[in-house]
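What follows is a single structure, written as structure tokens, with notes after it.
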Amino acid sequence: MAASPKFVNYPEPQPGPDVPYKSERKNNPPMRGTSLMLGAYFMESSEWLRSYIWRNAGFGNLRNIRFQIEDYEPRYDPTVVPIVAAEPFEKETKTNGVKKENSFTSKRGSRFSGYYSVADYHRLYLSGEISPVAVAKAILPLIRRDVETPTQYSTAWFETKVDQVMKAARASAKRYKEGKPLGPMDGVPTAVKDEYEIDGYKTCLGSRNDYTAQSVDGASVTSWCVKQLEDAGAIVLGKLSMHEFGLDTTGNNPIYGTPRNPYNDEYYTGGSSSGSGYAVSAGLVPFALGSDGGGSIRIPSSFCSVFGLKPSHGRVSFRPGPNHSITCAVNGPIAADIASLAALFEVISVPHPTSGFPHPTAFSVPDSAQRNKVLGIPEDWFADADPAVQTLCRSMISRLVEEHGYKTVTIKIPFAAEGQIAHAMTVLTDGATLLPETKNLTYANRILLAIGRTTPSTDYLLAQKLRGLLMKHLAYLWKTYPGMVIVTPTTACAGWKIQTQSELNHGLSDGDKTIRSMLYVWLANFCGLPALTVPAGYVVPEGHPDAGLVADEKVEGKVPVGLMGTGEWTQEHNLLQFGVDAEAVGADVRTRPPIWVDVVAKARDEMKNTEAGELWGA
């Protein structure tokens, strides 16, 4: 096993207190419709009510462990950066690392996923069976909102600029015709969450407000990682819907509409990267960009049965725009298969000139002997998930052990319940600082931001002390078990059912359900770790006689479940290798949703009905 790289800001390894896991919570009633509107009004106007809800939600609980955490230094920024020897990468810089096609990301097709991968599109373009123009023409009628009769797929899209899309498609097609594609990403369709900037597009962050960046001296405002995709030749079809400001995990958006779960339209997609999860799961694109401040990549990926990677903190740049939740949030990829996820991460993790992170290396799968295959299971915490979720995740872990040579160790995460409170407090306080004016926001977010404004500075400081404790304890775990992947369910619950039309019209505030959905994901955000969710199976939906049990292939409307691996700082490659094995293990239970779109078949039809000159960029 190679020596671990050295880091800047790596926590000092130190075990935390040996304390039992406690999941005691007070119930908070969900609010919909009239109760939600009244709740927002009273929360904003009554200091007493804000304080009561703040305490009832458990935000004061950090005071109960004050004496156990007060001597830890607070950690405000979880960024950990590897120190690497300077290596020449002039060639990779010029091509954004995409011209060099490695055997994994450029050749691996849809063997395990049942979806079209980056490699599949590239192969079909090289053969001339389809063209990027045909693919764009096949997808655009399905996703446009600016037409008289939008489709069921349109709700997942915030905005599409047809002229820009077709210009990129024609340019890509011309390169293939001339035998000069930029690499495996060239011509592959994709889309990005309405949190990224793209020249010519609005940015609203899922809200009524316009936050579009203004160009300075004519410079591009396109986000750095989107620019890497464009330079690699990918066709950006537009911007995808999201939960307003990314402040909850359903994807509910009463302003622009809520995309329904591709497997069961009575369920949410998950959020806040709801459109990204939906677009990938429905087969419209093989990958998309999301962002993740509290599970917002991993939760929709889990709910929609696709792969989602939350990178190490700071690994994927937000430049030239700001990170609106800089203490916890990251940009990252969602994909239908692990090879496409790896290919996308390789492109978007090219460091911005202001970044201290090294240039990415091409992903490859080493022999088992070259890495430790260790799965760390926090048993007490793991056991807090719903029974069927546990069954599916433990089954996948058992198969990884039996079929791929992993071993398991039992680990402990101290103050896991309090850590979730500390993370939520941090994110909501950050949000309240960013959004002092709330009258134009949804009722649910007005309630959340009112809670964020209630947090005293002393409690916020306790949260950062707990972050410091957790990061030191995690460093101790990786010193003890090098290469370990911590495994838990992605969410404690199987999906999130839509209860009423009223919540779709006016919004929803259900703190208890939000906590369940975020029970495991917060750790990676709060401590800056990379984390990967992989499809683990399905659960019988609510309303069915066998609701809550593991679903077989015959169950209609089954609800996806994800298994999550959390890795050491900057060790995304190790996580992706875990993902390769998990994808193979889960292939026999994974199915496509009933609304899946066969884009390649539609593109073949376009090839028959479109003149050759137009198809190849003439």
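Structure shown: which of LYS137/LYS193; LYS465/LYS497; LYS137/LYS180; LYS202/LYS439; LYS137/LYS239 lie over 24 Å apart, alpha-carbon to alpha-carbon? Violating the 24 Å limit, Cα to Cα: LYS465/LYS497. Charge dipole (Cα centre; +1 on Lys/Arg Cβ, -1 on Asp/Glu Cβ; no other charges) of the range 201-256 amounts to roughly 100 debye. Along the chain, the exposed loop sites are GluC sites (Glu not before Pro) outside DSSP states H, G, I, E and B with at most 12 other Cβ atoms within 10 Å, and the longest stretch free of them is 179-436. The trypsin sites (Lys or Arg not before Pro) of the range 412-460 that DSSP puts in a loop, and whose beta carbon has at most 12 other beta carbons within 10 Å, are LYS439.
From its DSSP helices (H runs of at least four residues, each -39,500 (n - 2.57)), the chain gives a residue-normalised ellipticity at 222 nm of -11000 deg cm²/dmol. Our Cα-only numbers for the chain put the radius of gyration and Dmax at 23.0, 74 Å. Residue ranges 304-317, 49-62 sort as 304-317, 49-62 when ordered by packing (mean number of other C-beta atoms within 10 Å per residue, highest first). Altogether, the Stokes-Einstein calculation at 20 °C and 1.002 mPa s, with the Kirkwood radius of the range 254-374 over Cα pairs as Rh, returns a diffusion coefficient of 140 µm²/s. Check the straight Cα-Cα distances from LYS227 and name the aspartates and glutamates below 17 Å, setting aside those fewer than 8 residues away within the same chain. Partners within reach: GLU92, ASP186, ASP194, GLU195, GLU197, ASP199, GLU346. In a reduced charge model with +1 at each Lys and Arg Cβ and -1 at each Asp and Glu Cβ, the chain shows a dipole moment near 380 debye about its Cα centre. Restricting the calculation to Cα atoms, the range 296-446 yields a radius of gyration followed by a Dmax of 18.9, 58 Å.
Taking the centroid of alpha carbons for each part, the range 447-463 and the range 149-206 are 39 Å apart. From the alpha carbon centroid of the range 215-277 to that of the range 411-436 is 24 Å. With both bridge residues required to lie in the chain, what share of the DSSP beta bridges run antiparallel, to the nearest 5%? Bridges in the chain that DSSP calls antiparallel: roughly 75 percent. At each listed q (0.23 Å⁻¹), what is the log10 of I(q)/I(0) that the Debye formula gives for the range 399-477 modelled as equal alpha-carbon point scatterers? For the range 399-477, the Cα-only Debye profile gives -1.02. Rounded, prolate or oblate: pick one for the range 451-515, where a ≥ b ≥ c are the square roots of the eigenvalues of its C-alpha gyration tensor, a/c under 1.5 means rounded, and failing that, prolate if a/b is larger than b/c, else oblate. Since a/c reaches 1.5 but b/c is at least a/b, the shape of the range 451-515 is classed as oblate. For the range 336-425, the mean projected area of the C-alpha convex hull, equal to one quarter of the hull surface, is 9.3 nm².
Projecting the Cα positions of PRO189, LEU284, ASN61 onto the charge dipole of the chain (unit charges on Cβ atoms of Lys, Arg, Asp and Glu, taken about the Cα centre) puts PRO189 furthest along the positive direction. Here the range 537-618 is treated as an ellipsoid with the same Cα gyration tensor; its semi-axes, largest first and in whole Å, are 35, 25, 10.
Bear in mind that the values in this text are calculations on the coordinates, not laboratory data. Please read all numbers here as calculations on a predicted model, not as lab measurements. Here Cβ is always computed from backbone atoms with ideal geometry, including for glycine, and neighbour counts include all displayed protein chains.
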